[in-house]
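Contents: one structure, followed by commentary.
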Amino acid sequence: MSFSSEPPPEDVTLEEILGAGPMGRIPNPYGLYRKLRNDDPVLRMPGALGDDAGPGSVMITRYDDVRDTLRDDDRFSSAIVNRTMGAVMGPTIVGMDGRDHLKHRALVTPSLAPRALRGDFPDLVERIAHQIVDRFASKGEADLRADYTFSYPLTVFVQILGLPEEDADTFHEWGIDLTLVAHDPPKGLAAAQKMLDYLEPVIQSKRDVPSDDLISKLASAEVDGERLSDLEVVSFLRLLVLAGAETTYHLMGSCLYALLRDPALLERVRADRGLIPKLMQEVLRWESPIGTVIREASRDTEIAGVDVAKGTNILCHIGSANRDERRFEDPNRLDIDREDNEHIAFGFGKHYCAGSRLALLEGEVGLNVLLDRLNDLEAVPGEAFDIIGFSFRGPDRLPARFCARA
Ligand code: HEM
C-alpha cells in the first residue's frame, strides 16, 4: 500500500522558505530540495544564519553528507546550538560536545529508556489518550490536530516531569513560542522567562521533598560532584518540552494526515494495528518532524569535495536527506511496506534523539486509541489541509468526521 506526493516544479525559492519561519506556510518544498541535492548539495548561504562576519553558512541536503556530518563529532561541533539558542534556552545537551555532553545526557536517558517506559506507564499513556478523545468523540467532527495531537504528547510528558496535568497546554504554548526565537525574539524570551518563573519554585519544593519524577531527579542530580543549578535544570526542561512535545505532535499529525488522505491505507491500518509502527517509521522518513539540525566545522575540512572553513555553520537538512533518491527508492512515495528504511529523522551519532522510544510509544498508543474510539473516520469533504513548515514539519489542521464507537 502506498501514497505518493510528487513534489511540484521547483518554483518555491529558498529565501521564501527561510523567511516563512520554523512552522511557516510554505508550498511543498521537496521539488526545491531535489534540485539542491542534484545541483548544489553543499549550498553556500551568506548571512542566512546571522553570520555575516564569520566564514558563513552552508546547507547540506544529501543523505550521506548529512549522516556523515552528524556522525563525525570530531570535525563538526554542536556548540553553535548553545551559542545561538543559549540566550533563550540556557545551556542544553544538544549544544554540548564530548565528555560534557555525555555526562549531562546520562542524567535524562534513564527516565526515557525502555525500562522506564514499561510497567504501568503504557496504561497511563492510554488513559491520557482516552481522556482527550472523550472531549470530542461525541461531536462527530473535530480538528484532530487542535483537539487531539496538540495536547496529548505534552500531557504525557508533564506526568513524567511530575507537574499537574492541567498545566500541559500552557507548557505547550511556551514550547511553541520558544521555537519562534529566531523570528520573534521577544516572544521566545518571554516564554523562556515564564518557564523559569513557573519552574523555580517547583524545583525548590522537589529538592525539599523529592519523589520519583524527572524534575526531582534533575533537581538532585550531580555532575562532577556539583548539583545542577536551578537555571541548568530549567534549561533541561525547556529542551525537553520543546523536543518532547513539538516533535511527537507533528509525527502523529503527519500519520493522521496520511491516513485521512488515503482511505484504503486507513482501513488497512485499522484492520491490522500491527502496521502502526511501520506507518510511523515511514512517516518519520517521508515528513520528518524536525527538518534541520545545526553543526559547526571545528576545523578546515570538506563535505562532498567542497571546502568548508573552520567556523562555518552547517545546516543539516534531515528532511531532504530522508527523501534522497540516492538512498531511498521512489522517495516521495509513502510506502509502509518499504523494507529499506534507515531514515535519520531521530538524528544520528552521539546526539541521537534521547526520547525516540517515548515518541514511538506515545504515537502507537495514541493512534490505536483513536482508531478504537472512532468509526467511519474520514477527512471532512471540501476542507483544505496540508503539511507545512521548514525546521519543524506537520499538518496545519486535520479536519475529520467520524462516529464515536458506543
Ligand atoms: C517524533 C518525535 C521526535 C523526533 C523526530 C525527534 C528528533 C530529534 C533529533 C533529530 C535530534 C538530534 C538533534 C541534533 O543532532 O542536534 C533529537 C535530539 C533529542 N531529542 Fe528528540 N525527537 C523526538 C521526540 C523526542 C521526545 C519525546 C523527547 C523527550 C522528551 C526527545 C528528547 C530529545 C533530547 C533530550 C535530544 C538531545 C539529545 C542529545 O543532544 O544528546 N525527543 N531529537
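The values are calculated or read from the model by the stated rules, or taken from the named source; none is laboratory data. Just so it is clear, the structure is predicted and the values come from calculations on it, not from any experiment. Positions of Cβ are generated from backbone atoms using ideal geometry, with glycine treated the same way; all protein chains shown enter the neighbour counts. Accessible surface areas use protein heavy atoms only, side chains included; no ligands, DNA or RNA. Shrake-Rupley method; radii C 1.70, N 1.55, O 1.52, S 1.80 Å.
With a 1.4 Å probe and every protein chain kept in, tell me what percent of the accessible surface of segment 264-312 is carbon plus sulfur.
Values: 1010 of 1880 Å².
Here carbon and sulfur together make up 54 percent of the probe-accessible area.
Out of residues 5 or more away from Gly162 or on other chains, whose amide H comes under 5 Å of its own, with H placed 1.01 Å from N in the peptide plane?
Here the answer is Leu214, since their amide H atoms fall under 5 Å of that of Gly162.
List the lysines whose Cα sits under 21 Å from the Cα of Lys103, skipping any in the same chain fewer than 8 residues away.
Of all the lysines, those that pass the test against Lys103 - Cα under 21 Å, at least 8 places apart if same chain - are Lys217, Lys350.
Expressed as cubic angstrom per residue, what is the convex hull volume of the alpha carbon set of the chain?
Normalising the Cα hull of the chain by residue number yields 140 Å³.
Compute the normalised compactness of segment 295-359: alpha-carbon radius of gyration over 2.2 N^0.38 Å, N being the residue count. Intermediate results must be reported in sequence, preceding the final value.
Working: Rg = 14.9 Å, N = 65, 2.2 N^0.38 = 10.7 Å.
Taking the Cα Rg and dividing by 2.2 N^0.38 Å, one obtains 1.39.
List every residue whose amide H lies under 5 Å from the amide H of Val380, counting only residues 5 or more places away in sequence or on a different chain, with H placed 1.01 Å from N in the peptide plane.
Amide H neighbours of Val380, under 5 Å, 5+ apart: Ala400, Arg401.
What percent does the relative contact order of the chain come to when contacts are Cα pairs within less than 8 Å and at least six residues apart?
On the way: 673 pairs, mean separation 114.1, N = 406.
RCO, the chain: 28 percent.
Whose amide H sits under 5 Å from the amide H of Phe76, counting only residues 5 or more places off or on another chain, with H placed in the peptide plane?
Excluding prolines and chain starts, which carry no amide H, the hits are Ser298.
Given the peptides 138-149, 254-265, 207-218, arrange them by the average over their residues of other C-beta atoms within 10 Å, most packed first. Walk me through the numbers on the way to the answer.
Numbers: 138-149: 17.9, 254-265: 20.4, 207-218: 15.4.
The most tightly packed comes first, giving 254-265, 138-149, 207-218.
With Cβ to Cβ distances under 15 Å as the rule, what net charge do the other residues near Asp212 carry (K, R +1; D, E -1)?
Numbers: positive: Arg115, Arg118, Lys206, Arg207, Lys217; negative: Asp120, Asp213.
That sum, taken over residues with Cβ under 15 Å, equals +3.
What percent does the relative contact order of segment 102-185 come to when contacts are Cα pairs within less than 8 Å and at least six residues apart?
Details: 28 pairs, mean separation 15.6, N = 84.
Worked out over segment 102-185, it gives 19 percent.
Please give me the summed charge of the neighbours of His250: other residues whose Cβ is under 10 Å from its Cβ, Lys and Arg +1, Asp and Glu -1. Don't skip to the answer; put the middle values down first.
On the way: positive: Arg145, Arg393; negative: Glu246, Glu287.
Summing Lys and Arg as +1 and Asp and Glu as -1 gives 0.
Each label point is 7 Å from the Cα along the Cα-to-Cβ direction; what then is the distance between the points at Leu102 and Ala271, in nm?
Label at Leu102, label at Ala271, 5.1 nm between them.
Would you list, by chain and number, the aspartates and glutamates whose Cα falls below 19 Å from the Cα of Lys310, excluding same-chain residues fewer than 8 positions away?
Asp51, Asp52, Asp65, Asp68, Asp72, Asp73, Asp74, Asp97, Glu296, Asp300, Glu302
Could you check which residue among Asp97, Asp396, Asp167 shows the biggest mean-square fluctuation in a GNM of the chain with a 10 Å Cα cutoff?
Highest fluctuation of the listed residues: Asp167.
Run through all the Cα pairs of segment 127-269 and give the fraction in each 5 Å bin from 0, expressed as whole percent.
2, 9, 16, 19, 17, 13, 10, 7, 4, 2, 1, 0
If you take every residue apart from Gly19 with its C-beta less than 14 Å away from the C-beta of Gly19, what net charge results, scoring Lys and Arg +1 and Asp and Glu -1? Walk me through the intermediate numbers first.
Numbers: positive: Arg25; negative: Glu15, Glu16, Asp184.
Taking every other residue near Gly19 into account, the sum is -2.
List the relative contact order of segment 248-318 as a percent without decimals, with contacts defined as Cα pairs under 8 Å and 6+ residues apart.
So the answer I get is 27 percent.
Ignoring ligands, DNA and RNA, please state the percent of accessible area on segment 78-237 from carbon and sulfur, probe 1.4 Å. It would help to have the intermediate numbers written out before the result.
Details: 3820 of 7320 Å².
Taking all protein chains in place, segment 78-237 shows 52 percent carbon and sulfur surface.
How many percent of the alpha carbon pairs in segment 321-400 exceed a separation of 17 Å? Walk me through the numbers before you get to the answer.
Working: 2155 of 3160 pairs.
In whole percent, the share of Cα-Cα pairs in segment 321-400 beyond 17 Å is 68.
With the cut-off at 1.5 for a/c, could you classify segment 18-169 from its C-alpha gyration tensor as rounded, prolate or oblate? Kindly include the intermediate steps, with their values, before the conclusion.
Working: a/c = 2.30, a/b = 1.47, b/c = 1.56.
It comes out oblate by the Cα gyration axes.
Could you rank the peptides 283-291, 228-236 by their average count of other C-beta atoms within 10 Å per residue, with the highest value first?
Numbers: 283-291: 25.1, 228-236: 19.9.
Packing proxy ranking, top to bottom: 283-291, 228-236.
Express the accessible area of segment 108-180 per residue in Å², computed with a 1.4 Å probe while the remaining protein chains stay in the model.
Numbers: 3030 Å² over 73 residues.
With the other protein chains kept in place, segment 108-180 gives 42 Å² per residue.
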